Amino acid sequence: MISVPITPATAQPARTLAGSIRRVLQRLLADPAPLERTIAGTLAQRSLVAAANTGILDALIDPPGSHGHDLARLCHCSPDGVDILLHALAGAGLLSRCGRGWRVRRSYTTLLRKESFLRSWLDYSDTVIAPALLSLEDSVRNGKPEGLSRLYGHDRQDFYAAVANDPVNGPIFSKFMRAYSSINRETVARQSVFSGPVNILDLGGGDGDLAMAIVTHHPEAKVTVADLPVVIERTSQSFSTHPHASRLKTAGVDLLQDSLPGGYDIILCAHVIDILSPEEISGLLTKAREALAPKGKLVVFTPVTADHGRGPLINSLMGIYFLALARGKGRFYSTRRLREIAADCGFKAFRDIPLPCDEVLLIGERGN
C-alpha cells in the first residue's frame, strides 16, 4: 500500500474525480491519509507490477533518468500508456524528475532492483496472491481459504503442499520465501543461543537456508529440518552438497498430524507459527515441549503485530492473505500473544530480541 501524501501544494486539486475524492476526505476527516492510502492501494501496486513486468521499472533504475518516449521505444509499449503509468508512479511518490525525464527515487533504487525482496514479493503477489484474493469475500463468510480452491480446485486442502508441487508457482513461492527469510537470516543464525554442541530441530524449515546458516556460524551445532516430505526432497539435495553436510539432516513430517522426533536441545520455529491458528500453535508447541530435552529451549523467529492491535500496516494486512489462501487460519501475532500461548504450553523465562522489518526472535525455556 502506497500513500499519496496530502500537502499544501495539493490542497486545491483540479476538478477531477480524484480531486473530488480528496476534497471530500479533507472536509470530513482530520487525518484522511489512512483512508486515502486504502483507496489508492490497489491502483498503486498494480502500477508498480505493470512497470516491473514491462521492463519500465528496470529502465528507470539503471541507467536512471529516462524520457517517456525513450521508455516506450525501449520496452515496446505505447507512448501514451507509458506516460500515464509514469505519472501514476510519480503520484505514488516512487519517481522523481531527472532533467526532462524520470527516475526511481534514489532511496528506493536498491529496494526495487530485479533481485530484491520487494521484486520477489511483487511477482508472488501478482501471480498467486492477487488471484486468490478475488475469493476474499467468500473466505470471510466461510472462514475457509476459498482462494486455494480458485487456484488449485476444491479437492485441495493444503496450500503449501499444493504450491510445492506446482511447476509454475512453486519456484515463485520458493524464491519469495527465500528472499523474505533472508532479511534477518544472518542476524538470527549468529545468535548465541545456537552456540555450543546443541542439537536443533527446525520445524517447517523449508529449503534449509536458515539451518545451513546456523551450522556455518556455529561449528558444533547440528540441525535437523522437519517439513513435508515433498519439501524435504529438495532440502536433502541442498544439504548433500553443503560443506557441513555431516551436521545437517532432514525429517519428513506433517507438523500438525505427526509426532515430533525427540531429544533436542532447541526447537526452532522460523516463519511457521504465523500459518497456524492459536489452537494449532498450542498443539504444535505442546509437541515441541515433549520433543525437547530437560532445560531445552524454544526459539520462535516470526513477524509480529503491535500488542495494542493496530499495525504495523503490512503485518496486519497479511492476515487477509492467510485467510484467503494459506489455510484460512494464520496471521501475524503480537509478541505478548505468543508469550501467552507458549506459557500455557509449559514454557517460561522468555526473552525477545527485536529485529528489523517488524520481526522478533522469541526465546523461552522448557518448564519442568
Residues being among the aliphatic types (A, V, I, L, M), more than 28 Å from residue 186 (Cβ to Cβ) and in a helix (DSSP H, G or I): count how many of those fall in the range 311-340. 3
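From the residues in the range 10-27 that are open to solvent by 80 Å² or more (accessible area, probe 1.4 Å) and modelled with pLDDT of 65 or more, which one is nearest to residue 89 (Cα to Cα)?
Within the range 10-27, the subset open to solvent by 80 Å² or more (accessible area, probe 1.4 Å) is 12, 15, 17, 27.
With modelled with pLDDT of 65 or more added as a condition, the list becomes 17, 27.
Numbers: 17: 18, 27: 26 Å.
Going through the qualifying residues, I end up with 17.
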When (1) open to solvent by less than 50 Å² (accessible area, probe 1.4 Å); (2) touching a Lys or Arg at 6+ places or on another chain (Cβ under 6 Å) are applied to residue 222, the one that fails is (1)
Pairs please, first residue from the range 148-175 and touching a residue at least 12 places away in the same chain (Cβ under 8 Å) and closer than 28 Å to residue 115 by Cα, second anywhere and among the hydrophobic types (A, V, I, L, M, F, W, C) and part of a loop (DSSP other than H, G, I, E, B), Cβ atoms under 7 Å, 6+ apart in sequence or on different chains. 148/325; 159/325; 159/326; 160/228; 161/228; 164/228
Do you know which residues across the range 225-262 are closer than 14 Å to residue 204 by Cβ, open to solvent by 30 Å² or more (accessible area, probe 1.4 Å) and in a strand (DSSP E or B)? 250, 252
Taking interchain pairs and intrachain pairs at least six residues apart, which have beta carbon atoms under 8 angstrom, with the first residue in the range 195-211 and of a type in the set (Ser, Thr, Tyr) and the second part of a loop (DSSP other than H, G, I, E, B)? 195/218; 195/220; 195/221
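Among the residues of the range 345-368, what is the count of those that are among the acidic types (Asp, Glu), closer than 13 Å to residue 298 by Cβ and touching a helix residue (DSSP H, G or I) at 6+ places or on another chain (Cβ under 9 Å)?
Restricting attention to the range 345-368, the residues satisfying the condition of being among the acidic types (Asp, Glu) are 352, 358-359, 365.
Okay, now just the ones that are also closer than 13 Å to residue 298 by Cβ, so 352, 365.
After this cut, where a residue has to be touching a helix residue (DSSP H, G or I) at 6+ places or on another chain (Cβ under 9 Å) as well, the list is 352.
Residues flagged as among the acidic types (Asp, Glu), closer than 13 Å to residue 298 by Cβ and touching a helix residue (DSSP H, G or I) at 6+ places or on another chain (Cβ under 9 Å) within the range 345-368 amount to 1.
Condition check: in contact with a helix residue (DSSP H, G or I) (Cβ under 6 Å, 6 or more places away or on another chain), open to solvent by less than 30 Å² (accessible area, probe 1.4 Å), assigned to a helix (DSSP H, G or I) and free of Cβ contacts under 8 Å to residues at least 40 places away in the same chain. Does residue 128 satisfy that? Full working, then the answer.
Details: in contact with a helix residue (DSSP H, G or I) (Cβ under 6 Å, 6 or more places away or on another chain): yes; open to solvent by less than 30 Å² (accessible area, probe 1.4 Å): yes; assigned to a helix (DSSP H, G or I): yes; free of Cβ contacts under 8 Å to residues at least 40 places away in the same chain: no.
It is false that residue 128 is in contact with a helix residue (DSSP H, G or I) (Cβ under 6 Å, 6 or more places away or on another chain), open to solvent by less than 30 Å² (accessible area, probe 1.4 Å), assigned to a helix (DSSP H, G or I) and free of Cβ contacts under 8 Å to residues at least 40 places away in the same chain.
Picking from 189, 164, which residue would you name as being closer than 22 Å to residue 227 by Cβ, crowded, with 17+ Cβ neighbours inside 10 Å and either touching a Ser or Thr at 6+ places or on another chain (Cβ under 7 Å) or at pLDDT 90 or above (or both)? Talk me through it step by step, then tell me what you get.
Details: 164 fails: either touching a Ser or Thr at 6+ places or on another chain (Cβ under 7 Å) or at pLDDT 90 or above (or both).
Every option except 189 fails the conditions.
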Which residue is surrounded by the fewest Cβ atoms within 10 Å (Cβ to Cβ), if the candidates are limited to the range 60-98 and must be at pLDDT below 90 and either in contact with a Gly (Cβ under 6 Å, 6 or more places away or on another chain) or among the polar types (S, T, N, Q) (or both)? 98
Are any residues in the range 194-209 open to solvent by less than 20 Å² (accessible area, probe 1.4 Å) and part of a helix (DSSP H, G or I), and if so, which ones? 194
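The values are calculated or read from the model by the stated rules, or taken from the named source; none is laboratory data. Just so it is clear, the structure is predicted and the values come from calculations on it, not from any experiment. Note that each Cβ is placed from the backbone with ideal geometry, even for glycine, and that neighbours are counted across all protein chains shown. With ligands, DNA and RNA removed, areas are computed over all heavy atoms of the protein, side chains included. Shrake-Rupley method; radii C 1.70, N 1.55, O 1.52, S 1.80 Å.
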